[in-house]
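**Student:** Questions regarding the structure given below will be posed in turn.
Bear in mind that the values in this text are calculations on the coordinates, not laboratory data. Worth saying up front: this structure is predicted, and the values here are computed from it rather than measured. Note: ideal-geometry Cβ built from the backbone for every residue, glycine included; neighbour counts use all protein chains shown.
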Amino acid sequence: MEKPAEYKILKTFLYKEKQKFNEIEKSLNMRSNKLSYHLTQLVKKGILLKQKENYKLSETSEHLIPYLSKKNSVLTVLLIAVTKNNKVFLHKRNKRPFQNKLGLPGGRILLKENINSATKRILKEKHNINAKLGKVHSVSVESIKKSGKIIQTDLIIFVSASTKDKINYTSLKSNKSKIISSDYQLLEKDLDKEIKINKFVTKG
């Protein structure tokens, strides 16, 4: 699939902090009217700044740099186990992959979040559960195959959380065939483990 024009423009800023219009035009071999339109849109969105003759990424858009690659990257996912009396809170997935399977609640860690705040947000936003982080149990890499080909690779941070809310818990053993196999393995093998994940704040 061809990358959209705005993506191509942003990629030119990977190795250059600022560029003039003719520099971008030359590197992309894009029609000037088309380039002018998309640069205007990027400025309106606050992704690019125009300073006299130069364009540059805005400070709030610097986080886009790691994603401006030709290669598909690993998706980092937080999976959360809320357990009680050897049962666990699971939900039925609506999205592919694993559509209609029972799985652990989870989601991405957003920019400026840590594992603690992401755990609370995911459980509250997606399942209306008020919870607090327990332990970080493991970090795993999962490759998802379809028709013999890897279609997605996830870096899974597996944590537990506790809640005082009244929620429905599911028995693992009697529902094994209905549960995403990797989620089941995490619950069976890693729930008794604990690891530490370091947090660094560095200046770019």
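**Student:** Region 154-192 to region 1-42: how many Å between their Cα centroids?
**Tutor:** If we compute the Cα centre of each part, the gap is 46 Å.
**Student:** If the label point is 7 Å along Cα→Cβ of ASN86, which residues in region 147-182 have backbone nitrogen under 14 Å from it?
**Tutor:** Inside the label zone: 170-175.
**Student:** Please compute the contact order of the chain in relative form: average sequence separation of alpha-carbon pairs under 8 Å and at least six residues apart, divided by the residue count, as a percent.
**Tutor:** That works out to 18 percent.
**Student:** Another one. For the pair ASN94 and ASN175, what calculated FRET efficiency results from E = 1/(1 + (r/R0)^6), where r is the Cβ-Cβ distance and R0 = 22 Å, to the nearest 0.05?
**Tutor:** Using R0 = 22 Å, I get an efficiency of 0.75.
**Student:** Rank by packing, highest mean first: peptides 79-85, 141-147, with packing defined as the count of other Cβ atoms within 10 Å averaged across residues.
**Tutor:** By packing density, highest mean first, the sequence is 79-85, 141-147.
**Student:** Further question: With 10 angstrom as the radius, rank ILE115, ILE151 by how many other C-beta atoms surround their C-beta, starting from the fewest.
**Tutor:** ILE151, ILE115
**Student:** While we're on this one: Towards the positive end of the charge dipole of region 1-123, with charges on Cβ (+1 Lys, Arg; -1 Asp, Glu), say which of GLN51, SER27, PRO105 has the farthest Cα.
**Tutor:** Comparing the listed Cα positions along the dipole, PRO105 ranks first.
**Student:** Using Cα pairs under 8 angstrom and six or more residues apart, how large is the relative contact order of region 75-189, in percent?
**Tutor:** Dividing the mean separation by the residue count of region 75-189 yields 33 percent.
**Student:** Then there's this: Compute the distance in nm between two label points, each set 7 Å from the Cα along the Cα-to-Cβ direction, one at LYS124 and one at TYR15.
**Tutor:** Roughly 4.4 nm, to one decimal.
**Student:** Separate question: For the chain, modelled as a GNM with alpha-carbon contacts under 10 angstrom, which of GLY107, GLY134, GLY148 fluctuates the most?
**Tutor:** The residue that fluctuates most here is GLY148.
**Student:** Using only DSSP helix segments of four residues or longer, with each worth -39500 (n - 2.57), what per-residue ellipticity at 222 nm results for the chain after dividing by its residue count and rounding to 500?
**Tutor:** Helix contribution divided over all residues of the chain: -7000 deg cm²/dmol.
**Student:** Taking H as built 1.01 Å from N, whose amide H comes closer than 5 Å to the amide H of ALA161, not counting residues under 5 places away?
**Tutor:** ALA81, VAL82, THR83, GLY134
**Student:** Can you list, largest first and rounded to whole Å, the semi-axes you get for region 75-189 by taking the square root of 5 times each eigenvalue of its Cα gyration tensor?
**Tutor:** Output for region 75-189: semi-axes of 21, 18, 13 Å.
**Student:** Right, here's the next one. Arranged by the count of other C-beta atoms within 10 angstrom, fewest first, what order do ASP183, ASP165 take?
**Tutor:** In order of increasing Cβ crowding within 10 Å: ASP165, ASP183.
**Student:** For the chain, with a Gaussian network of springs between Cα atoms less than 10 Å apart, report the residue from TYR55, TYR169, TYR37 with the top mean-square fluctuation.
**Tutor:** Of TYR55, TYR169, TYR37, the most mobile in the Gaussian network model is TYR37.
**Student:** Using the count of nearby Cβ atoms within 10 Å as a rough guide to exposure, how do THR163, THR119, THR76 rank from fewest to most?
**Tutor:** Arranged by neighbour count, lowest to highest, THR163, THR119, THR76 become THR76, THR163, THR119.
**Student:** Give me the Debye-computed log₁₀ of I(q)/I(0) at q = 0.07, 0.12, 0.16, 0.18 Å⁻¹ for the chain, equal point scatterers on Cα only, no solvent, two decimals.
**Tutor:** For the requested q values the scattering log ratios are -0.32, -0.77, -1.03, -1.18.
**Student:** Would you mind telling me the antiparallel percentage of the DSSP bridges in the chain, rounded to 5?
**Tutor:** If we restrict to bridges inside the chain, about 75 percent are antiparallel.
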